[in-house]
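Below is one structure, written out as structure tokens; the observations come after it.
Read-outs throughout are calculated quantities, based only on the coordinates presented, and are distinct from any laboratory measurement. In this text, all values refer to a predicted model and were calculated from it rather than measured experimentally. Note: ideal-geometry Cβ built from the backbone for every residue, glycine included; neighbour counts use all protein chains shown.
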Amino acid sequence: MNTQKHVSLNLNLRGMGLSATLALNERCHQLRQEGHAICNLGLGQSPFPVPGPVVEALRLAAPEKSYLPVRGLPALREAVADFHRSHDEIEAYADGVIIGPGSKELMFLLQLTYYGEIIITTPCWVSYLPQAHIIGRKVSMIHTSHEQGWRITAEQLQRSWELVHDDYRPRLLVLNYPSNPSGRTFTPDELKAIAEVARRFEAIVLSDEIYGQLHHQAQHVSIARFYPEGTIVSSGLSKWCGAGGWRLGTFHFPPDLYWLLDAMAAVASETYTSVSAPIQHAAVTAFRGGVDIERYLWHARRILAALGRQCADILDQAGVRVFVPDGAFYLFLDFSPLRERLAKRGIEKGAALCNRLLEEAAVAILPGVAFARSRSELTARLAYVDFNGARVLAASESIPLHEDLPADFTRRWCERVLHGVERIAEWVTADS
Ligand code: PMP
């Protein structure tokens, strides 16, 4: 049997372990069990509960027991198309929608069915690259910098594609905004310019908008508005609806790309068949929205905006380069201004920085290398969600929505996050 172990493993999987986020989470869990008071700013899970009407819809749908169509429950596909029509102001059709067990799985199926170059801009979400490696696809990375706000520009994209002198190469460009790990997003003009380059090179865009509804000012704009014929929009329940564990993701395809949708549906039919029936029935309520869900989202955004700004301010004052986030619940930290100081303590790389921070200050964050950045870079992602979302939502609900949260609100309700961020600031400015 041991010989099997050495010769029969798919070559693409050699050296592959648990995803970085999950591995760190397990380590924090272990340290907590050993009695350490760990502040976990590593895991990016929505802290908020699933909205009440959606939970009630799931309760009522519990008896639903039949397999559903591979592409999804017709009423849900209709609701997802309506959602994109009203939120993103694009032509969207139920025929163009596919429902999957999380958008992560749909991305995997897309990378499996699409045969061409996959382009990813870094820092990027942890799973795009491992998925491509599992399938054995070639990935081109375009690195962005703090100076450009961790966002690719149209000029940079055009330059990188012109350099290879191959206008007809099939390309799939993956964009994610608001971004995990940076919390940044694009302006409509920036998206328009990127759309023009994509159209010129006939590239397909996979637009990962899973955090779209968590734009802190409710001003999310999809690139599909400027490049409707070539954009696949990805969304799901995991972030704006707080239901990551329900495992439901959605893709919307324009008619020109139905050939890809058909291929994905064929693979889905031979693998997961369809997403759990009760979850799909409940998701209809989530995607149809309504006053309660809108109110829930406004509170969630107001809390995330206030807390994100406060965390960024504390770190900025400690000399860490960081942006106030536009959406989602992440900050991408650049410790390079403190490089000399850290080097004196023997810290020269992002992974060493995060390990020492965990050991010496009991705060968990993830190094930039998990987001496809260079190993030598002193960057890391911080997720500011280590708070009790149900309690914080209830506290926010007692304050009228048109008002800003009081100055002491986050201190009172999100103390663990602020405490963790302050520990980072103190640790990083300590002399040795
Ligand atoms: N894209 C991004 C940017 C994410 O952060 C996540 C979840 N962490 C996903 C996709 C996948 O989400 P899900 O599979 O839960 O829909």
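Odds and ends about this structure:
- Net length available on complete extension from Glu202 to Lys65 is 45.1 nm, with 0.36 nm assigned per residue and the Cα-Cα distance removed.
- Here the Gaussian network model covers the chain, with springs between Cα atoms less than 10 Å apart; of Arg159, Arg184, Arg373, Arg159 fluctuates the most.
- Assigned charges on the beta-carbon of Lys, Arg, Asp, Glu; region 147-196 dipole about Cα centre (debye): 220 debye
- On the beta carbon distance between Leu22 and Ile135, with R0 = 25 Å, the FRET formula returns roughly 0.80.
- Where only alpha carbons of the chain are counted, the Rg and the Dmax (Å): 21.7, 66
- When the square roots of the Cα gyration tensor eigenvalues are ordered a ≥ b ≥ c, the ratio a/c for region 189-311 is 1.5 or more and a/b does not exceed b/c, which makes its shape oblate.
- Prolate/oblate/rounded call for region 8-55, Cα gyration tensor, a/c under 1.5 rounded: oblate
- If the chain linking Ala407 and Ala352 were pulled fully straight, counting 0.36 nm for each residue of separation and taking away their Cα-Cα distance, it would gain 16.3 nm.
- Trypsin sites (Lys or Arg not before Pro) restricted to DSSP loop in region 375-424 with at most 15 other C-beta within 10 Å: Arg375
- Each label point was placed 7 Å from the Cα along the Cα-to-Cβ direction; for Leu13 and Asp262 their separation is 3.2 nm.
- Between Glu294, Glu117, Glu34, the residue with the greatest mean-square fluctuation in the GNM of the chain (Cα pairs under 10 Å linked by springs) is Glu34.
- Packing, as the average of other Cβ atoms within 10 Å across residues, places the peptides 262-275, 304-317 in the order 304-317, 262-275, highest first.
- Computed from point charges on the beta carbon alone (+1 for Lys and Arg, -1 for Asp and Glu), the dipole magnitude for the chain about its Cα centre is near 1100 Debye.
- Candidates Pro255, Pro337, Pro400, ranked by Gaussian network fluctuation over the chain, Cα under 10 Å, top entry: Pro400
- Evaluated over the Cα positions of region 45-159, the convex hull gives a direction-averaged projected area, one quarter of its surface, of 10.7 nm².
- Taking the number of Cβ atoms within 10 Å of each Cβ as an exposure proxy, the fewest-first ranking of Ile399, Ile98 is Ile399, Ile98.
- Report summary: the helix-based calculation at 222 nm, which adds -39500 (n - 2.57) for every DSSP H run with n ≥ 4 and divides by the residues of the chain, gives -13000 deg cm²/dmol.
- When the square roots of the Cα gyration tensor eigenvalues are ordered a ≥ b ≥ c, the ratio a/c for region 79-229 is under 1.5, which makes its shape rounded.
- Taking Lys239, Lys344 and counting other C-beta atoms within 10 Å, the order from fewest to most: Lys344, Lys239
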